[in-house]
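Derivation of every value follows stated rules applied to the coordinates shown; laboratory data play no part. Predicted model only: the values in this text are computed from it and were never measured. With ideal geometry, Cβ positions are generated from the backbone for all residues, glycine too; neighbour counts draw on all protein chains shown.
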Amino acid sequence: MRTLAPLALVLVAATAYGVWYQRSRGRITTGKSKKQQKSASPGLTGIEIGADLGSRVTLVQFSSAFCSPCRATRALLTDITADMADVQHVEIDAESHLELVRRLDIRSTPTTLILDSAGVEVGRAVGAPKRDQVITALAAVH
């Protein structure tokens, strides 16, 4: 009889990865990764994102054409920012802006960057964020 240890090890590793993946998707993180700090620029400009920056916050959503979480994120962010005059929501097609995607270390869609009034990234959500997390993140930016 063969040992079941390799099968058990694969099952434990796959379960651990699945739990980590589910917990990390959609969560808004603040601060910058080491890679982002090394390539830090003064901030994004309206020209780079194709729209004016918000007077307080800009939400830059990177999407792709056949991404259903991207559509849900677009609807959520549009709804949240509809009554906020100082917050701008901009959606960027990741496939059409590959240089910007590489520079900003966008690894999957949807990814939403939270920029302050100077265009500096103050937060990021990989995956579809939750309504309360977005509202909390917007309130934290002055």
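Relative contact order for the stretch 26-140: what percent, with Cα pairs under 8 Å and sequence separation of 6 or more?
Reported relative contact order: 41 percent.
Ranking request for peptides 96-108, 13-25, 125-137: highest mean number of other beta-carbon atoms within 10 Å first, then the rest in descending order.
125-137, 96-108, 13-25
Between Val122 and Ala14, how high is the FRET efficiency from 1/(1 + (r/R0)^6) when r is the Cβ-Cβ distance and R₀ = 25 Å? Nearest 0.05.
The value I calculate is 0.15.
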